[in-house]
Structures are given as structure tokens and as C-alpha cells.
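Presented below is the structure to which this report refers.
Just so it is clear, none of the values below were taken in a lab; they were calculated from the coordinates. Computed from a predicted model, the values in this text were never measured in an experiment. Because the Cβ atoms are built from the backbone with ideal geometry, glycine has one as well, and the counts that use them run over all protein chains shown.
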Amino acid sequence: MSLHVALLRGLNVGGANALPMADLRALCAGLGWREVQSHLASGNLVFEAEGGRGALADALREALAERGLDVPVLVLPPARIRRAVAACPFAPAAPKLVHACFAFGPLRLDRALFERFAAPGDEVAAEEHLLWLHTPGGFGRSKLAPRLEAIGGAPLTARNLSSLGKLIELLDAGEETR
């Protein structure tokens, strides 16, 4: 069994795709996944399972669809989360002000669109399958947040540095018990 991270896009956001985390963990256990842990109610999972990342993501998405939920799933290796945090191009005043936006496909950064809606101090950076967004005025108030996919040119799921740090703590704990 290998350790994995699953990022679910749009779960329990704004009242849509509601699913208690205990139910999500039970659903994953029903797929044969072990040591399933969740962080927050927005679909951050650390788990052990056999199989490729694409197949694991598809299995969870299908299981969620059977419950009437349309939730894209991205499964990543632990090293991808660690590398992302280590390579963060920004030094924010608070970790909740920087978001790593993991892409479901190749990115095509639209810098002109970013510039059009950016507030003073906002910054963007992109690498393959990862868009970074620094919003010193707050992500929730940013005019960029609802346009992230248009700016990145691909479907995305965003996590702030605080959430990624917690996922790394869960990964560290999981690796210690293996």
C-alpha cells in the first residue's frame, strides 16, 4: 500500500456537494482504502491504497457520483505536496494569503486577465500543473478567486499554505506509523 493525498474540488463549498467527513472516510474505506484521514470539511484526504493515482481518483469520483455528488478528485503523491510547499514563490504575511491551485490538466497562464482583476500587491506564478496566487487583501475578497480557472486555463482546486501544512503533518504521522 502506498500513501496518497486526495484533493476534492467543490465538496461542502457554499452548501453544494454536502457530505460529512465521517461519511467520506467511510466511503473511502468501502473502496478498500486504509488509514483514511481528513482535514477540514472541504475534501482533503490522506490515505493508503493500492493502485495508480488516476484509477484511485476515478474510483472515488464514481463513488461520490453514486451519492449524487459531482466532485472532481485529484490524487497526488505525498512528494508532490511537499515539493509544492517547499517551492512556494511567495513569502506571505500569513499562510492563508497564498493558495496553491493544483490543475487537473496543463496550465496556460493568462497574465493579462490576472492583471485586469488584480488588486495592489496580488501576485501570480505558474509551473506545470500548479498555479500560485498571493492575495494580501484576502482570498475571499479577491476579484481573482472566482476567475482562477480562466486565469490558469485549466480546472483547478486551490488550497492555502495552512491547509497544505496540515496535510504534510498528516503525511508525516502516516509515514511514522508505516
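A few remarks follow.
- Our note on the geometry: Cα centres of region 2-47 and region 68-120, 19 Å apart.
- Ellipticity estimate at 222 nm from DSSP helix runs (n ≥ 4, -39,500 (n - 2.57)) divided over the chain, nearest 500: -10000 deg cm²/dmol
- Taking a point 7 Å from the Cα of LEU40 along the Cα-to-Cβ direction, the residues of region 76-119 with backbone N closer than 12 Å to it are 95-101.
- Sequence-separation-based contact order of the chain, relative, with Cα cut under 8 Å and 6+ spacing, percent: 23 percent
- Formal net charge of residues neighbouring ALA16 (Cβ-Cβ distance under 12 Å; K, R +1; D, E -1): 0
- Region 81-163: C-alpha gyration tensor shape, a/c 1.5 cut-off, then a/b vs b/c: oblate
- Longest site-free stretch - the chain; sites: GluC sites (Glu not before Pro), DSSP loop, at most 12 other Cβ within 10 Å: 51-127
- Phi-based couplings in Hz for region 156-171 (Karplus 6.51, -1.76, 1.60; Gly and Pro marked x): 9, 9, 9, 9, 7, 4, 4, 5, 5, x, 5, 4, 5, 4, 5, 5
- Annotation: for a label point projected 7 angstrom from Cα along Cα→Cβ of GLU169, residues of region 88-108 with backbone N closer than 16 Å are 95-96.
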